[in-house]
Amino acid sequence: MRLKVFSIFFFCGLFAQAQYSLSGKVVSAETGEPIPNAEVWNKTESEVSLANEQGEFRIENIEAGTYQFAVFGFEYAILEKEITIDGDVEMDFQLAPLAESLSEVMITNRREQLFALRKLRKVEGTAIYAGKKSEVVLLDKVMGNLASNNARQIYNQVVGLNIYDNGDAGLQLNIGGRGLDPNRTQNFNTRQNGYDISADVLGYPESYYTPPPEALQEIQVIRGAASLQYGTQFGGLINFKFKEPAADKKIELVSRQSVGSYNLFTSFNSLSGTVGKFSYYTYYNFKSGNGFRPNSEYDSHNAFAHLGWKFSDRTRLSFEYTYLNYLAQQPGGLTDAQFYEDPDYSNRERNWFDVNWNLYALKFQHKFSERSDFSLNLFGLDASRKAVGFRENRVSQPDDLDAPRELLVDEFSNWGAEARFLTRYDLFGEESVLLFGSKYYDADNFQKQGPGTVSAKPEFNFTNDEYPNYPRQAEYELPNKNLAFFGENIFNLTNNFSLTPGFRIEYIHTGAIGSYKRIILDLAGNPLVNETFEEDKDLERSFALLGLGASYNLDASNELYANFSQNYRSVTFSDIRIINPSSVVDPDISEERGFTSDIGIRGRIKKYVSYDASLFGLWYNERIGEVTEVQDGFIVRRRANVGDAFIYGLETFADWDLKNTFFDNWENHRMNLFVNAAFTNSEYTDAAEGIVNVEGNQVEFIPYVNLKSGLNFGYKNLLAGIQYTYLSRQYTDATNAPQDKTDNQRGIKGSIPAYGILDLSASYTYGKFKLEAGINNLLDNSYFTRRATGYPGPGIIPAQPITWYTTLQLKL
């Protein structure tokens, strides 16, 4: 009885807590003119409100109390103010214009003063990120090789990423983490501006297109708990957020011209602006080079256009189109013996890779009220990838110039729609946030494998009639339909503590309709068997994923967070039918299920240190992996459900502002030391039936130590940074096959040795010009990051030796 009475009074007390508002205008202290799109940041609550075009803002549902606010506008000094809320407050903020043009160091210091360690806010637009491990790469703060999309430098403050280095000027992004295969970032849901960009989200989630970092404002990374809102992937979400159109100019030009080692040349040119209610951002990016090995030339054409129309402060519509076409010669893989003798060697002259990508997106945003928002994304893809070349199991075998090359062609045609509705409401005297959404996805893809031409040119024509007995032939239609409903709710139980439960309900219908050939030749090349097998696979499944996040604000700058979320990975096209001389697929392969969990603390200690430290656990049931076996006298990788696995570790990041700590009065100086360290362990706890020599082994693609550390410094308009990267040894298959440096035939078997890399970058700004330069792999270490079983191998893919680059930027 006492408990009931106490509960009644407790909840009544919560409901009785008054809620107030803060409203006003952000204006120039010099002219009194409004400052459009100024940001009013409640530092105590870690929430940002955006002023409208007239500089007006309104923040509702604030409890009585004292709060720290910071107000920011470009070309204005940051205003910090303590405000006591004990009723509805109206207050104008007057920002002082900057007296003179700021140096690059001072601009960087202002950004860091405002944003500190940037993480996604609890609510952004129509998305909820409360209680999730999130990291944000601010491209303006990156000190590195943007022209070549050097992922090692760009993602140096994202913890625990494992990165493939292909040496192709960043045409493709290859990142993974926590034991996830980095190949084409296939274990993340990959998006730009909130919509999918991979080949097929469930059937073939590989990313052949990566936006140039010069066009990006930020890169958002949300770990496995993103499975509820963005898809089921174990990795989580990577979202490339493009730069906004220039709000205060009708036209703004940015032109960046870069040159570097091995005939690298890139040209990035963008135009953006706002004219009345119309805004635009567009760019063209060209890349070409030869690569550091023979037979590795490439060129790329990439264009993008964003057209936006603002009907009112509440309603916006935008259209985006992305075009990419690139052609790359592939020098092939090496055996261990070849790599240690000469990592620049290539015995593949006829291997080529071609990608054509067309992305479309239409986004509608509407604010029903100050508390309710709606968004609708319509998107589509019309694309293809084509690979032709010689890729026999024996990597050391020279290319037979008189034989046809193998050709693989994939055509992707898909479209989707994602709707989201987010509303805020009062519960127990606190503001809660509810999100509901749904996504429909429809794909109709085509895949064909067979003989190509004998030529060494980049020709992508099938020659089945001329070579009917070519041993690897298949042709498939691959339909895929997906319907999902999802929801999350932030329950703010107190001013500092919140719980965020969520769900995702999935319906997936995939198929594989086609045929493959079984061809056996005698020693003279005559057919003993030439059979065609028809297949019609149809698979439907429905399931629900659940998750829970928690957040506790220790104070205005520091937060405890934790989450648990279920994950799922569908069987992909390559798991269904790809005939590969170096790899075979278990016909009974099935999807993976499991969960991801994080618990950590993040924030900022005064103005000295930004940090994020967390423990994570990732559980796989029937993990899909590869085991090394001998079949028909050849060593191959068999892809199958290897067994159950548990991956766990500690991920830490800290950025120490040495200038604020020791030299606070040095206005035109900057000095930051960062350490990004992940320590990861793993184990196959149980092996699937028929899988031997796996139980108790470590999971592949996991270095125990993954370290990136560096020092960024600057004086006035000169900025520079030095970074060291170290990854300990990692295995490439579930059998934990060790490396054999004397192997002179295969290259697909064995571990990846530990490696360390040193990078140096600098920039200098003079008026409208900016000069950037740097050296990657300064110590000229010879190393590799992957063993490929298919293209661009098979075999070891050597990483780049020492290289240099320089970029000249003009901004008008």
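The values are calculated or read from the model by the stated rules, or taken from the named source; none is laboratory data. Everything quoted here is computed from the prediction, not taken from an experiment. Don't worry about glycine lacking a Cβ; one is built from the backbone with ideal geometry, like all the others, and counts go over all protein chains shown.
For the reader, a short list of remarks on this structure follows.
- None of Asn660, Asn693, Asn665, Asn681 is crowded, with 18+ Cβ neighbours inside 10 Å and either among the polar types (S, T, N, Q) or on the phi > 0 side of the Ramachandran plot (or both) except Asn660.
- Selection within the range 756-782 - of a type outside the set (Gly, Ala, Ser) and either outside the structural domain of Arg670 (by the TED database) or without any contact (Cβ under 8 Å) to a residue 40 or more places away in the chain (or both): Leu758, Leu771, Ile775, Asn777, Leu778, Leu779, Asp780, Asn781
- Against the numbered list (1) farther than 24 Å from Ser148 by Cα; (2) in a loop (DSSP other than H, G, I, E, B); (3) in contact with a Ser or Thr (Cβ under 7 Å, 6 or more places away or on another chain), Gly332 comes up short only at (1).
- Restricting attention to the range 28-38, the residues that are within 20 Å of Gly125 (Cα to Cα) and without any contact (Cβ under 8 Å) to a residue 60 or more places away in the chain total 1.
- Residue in the range 137-145 that is surrounded by fewer than 24 Cβ atoms within 10 Å (Cβ to Cβ), under 13 Å from the mean Cα position of the chain (by Cα) and under 21 Å from Ser300 (Cβ atoms) present: no
- Flag if Gly73 is at pLDDT 85 or above and of a type in the set (Gly, Ala, Ser): no
- Members of the range 278-293 found to be part of a strand (DSSP E or B) and in contact with an Asp or Glu (Cβ under 6 Å, 6 or more places away or on another chain), listed by number: Ser288
- Those residues of the range 303-336 which are touching a residue at least 60 places away in the same chain (Cβ under 8 Å), of a type in the set (Phe, Trp, Tyr) and within 18 Å of Lys386 (Cα to Cα), in sequence order: Tyr326
- Candidates Ser455, Ser438 - the one that is more than 32 Å from the chain's Cα centre (by Cα) and not charged (D, E, K, R): Ser455
- The criterion of being touching a strand residue (DSSP E or B) at 6+ places or on another chain (Cβ under 7 Å), more than 25 Å from Gly750 (Cβ to Cβ) and not in a loop (DSSP other than H, G, I, E, B) does not hold for Arg623.
- Subset of the range 275-290 (residues that are over 22 Å from Gln329 (Cα atoms) and among the hydroxyl-bearing types (Ser, Thr, Tyr)): Ser279, Tyr280, Tyr281, Thr282, Tyr283, Tyr284
- Boolean, Asp248 is assigned by the TED database to the domain that holds His306 and farther than 21 Å from Tyr620 by Cα: yes
Residue-by-condition table, conditions (1) at pLDDT below 85; (2) within 30 Å of Lys716 (Cβ to Cβ); (3) buried (at least 18 other Cβ atoms within 10 Å of the Cβ):
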{"site": "Gln17", "(1), (2), (3)": "yes, no, no"}
{"site": "Asn37", "(1), (2), (3)": "yes, yes, no"}
{"site": "Val40", "(1), (2), (3)": "no, no, yes"}
{"site": "Glu47", "(1), (2), (3)": "yes, no, no"}
{"site": "Phe57", "(1), (2), (3)": "no, no, yes"}
{"site": "Arg110", "(1), (2), (3)": "yes, yes, no"}
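- Thr210 of a type in the set (S, T, N, Q), assigned to a loop (DSSP other than H, G, I, E, B) and within 21 Å of Ala305 (Cβ to Cβ): yes
- Complete set of residues in the range 163-196 that are part of a loop (DSSP other than H, G, I, E, B) and polar (S, T, N, Q): Asn166, Gln172, Asn174, Gln186, Asn187, Asn193
- You will find that of Ser296, Ser300, the residue that is crowded, with 21+ Cβ neighbours inside 10 Å, touching a residue at least 60 places away in the same chain (Cβ under 8 Å), part of a strand (DSSP E or B) and of a type in the set (S, T, N, Q) is Ser300 and no other.
- Residue count for the range 140-162, restricted to those that are modelled with pLDDT of 90 or more and part of a helix (DSSP H, G or I): 4.
- Qualifying residue in the range 657-669 (condition: within 26 Å of the chain's Cα centre (by Cα) and either basic (Lys, Arg) or part of a strand (DSSP E or B) (or both)): no
- Residue satisfying condition, being closer than 30 Å to Lys132 by Cβ and either at pLDDT 90 or above or assigned to a loop (DSSP other than H, G, I, E, B) (or both), within set Gly696, Gly643: Gly643
- Among residues of the range 445-459, those that are basic (Lys, Arg) and in a loop (DSSP other than H, G, I, E, B), counted: 1
- The range 391-420, subset hydrophobic (A, V, I, L, M, F, W, C) and within 15 Å of Phe460 (Cβ to Cβ), residue surrounded by the fewest Cβ atoms within 10 Å (Cβ to Cβ): Val409
- With respect to the conditions (1) buried (at least 19 other Cβ atoms within 10 Å of the Cβ); (2) within 22 Å of the chain's Cα centre (by Cα); (3) not β-branched (Val, Ile, Thr), Gly380 lacks only one, and its number is (1).
- Taken as a whole, the structure leaves Asp344 outside the set of residues that are assigned to a loop (DSSP other than H, G, I, E, B), over 22 Å from the mean Cα position of the chain (by Cα) and free of Cβ contacts under 8 Å to residues at least 12 places away in the same chain.
- Residue identified as in contact with a Leu (Cβ under 8 Å, 6 or more places away or on another chain), assigned by the TED database to the domain that holds Gly380 and surrounded by 15 or more Cβ atoms within 10 Å (Cβ to Cβ) among Gly231, Gly273, Gly308, Gly333: Gly308
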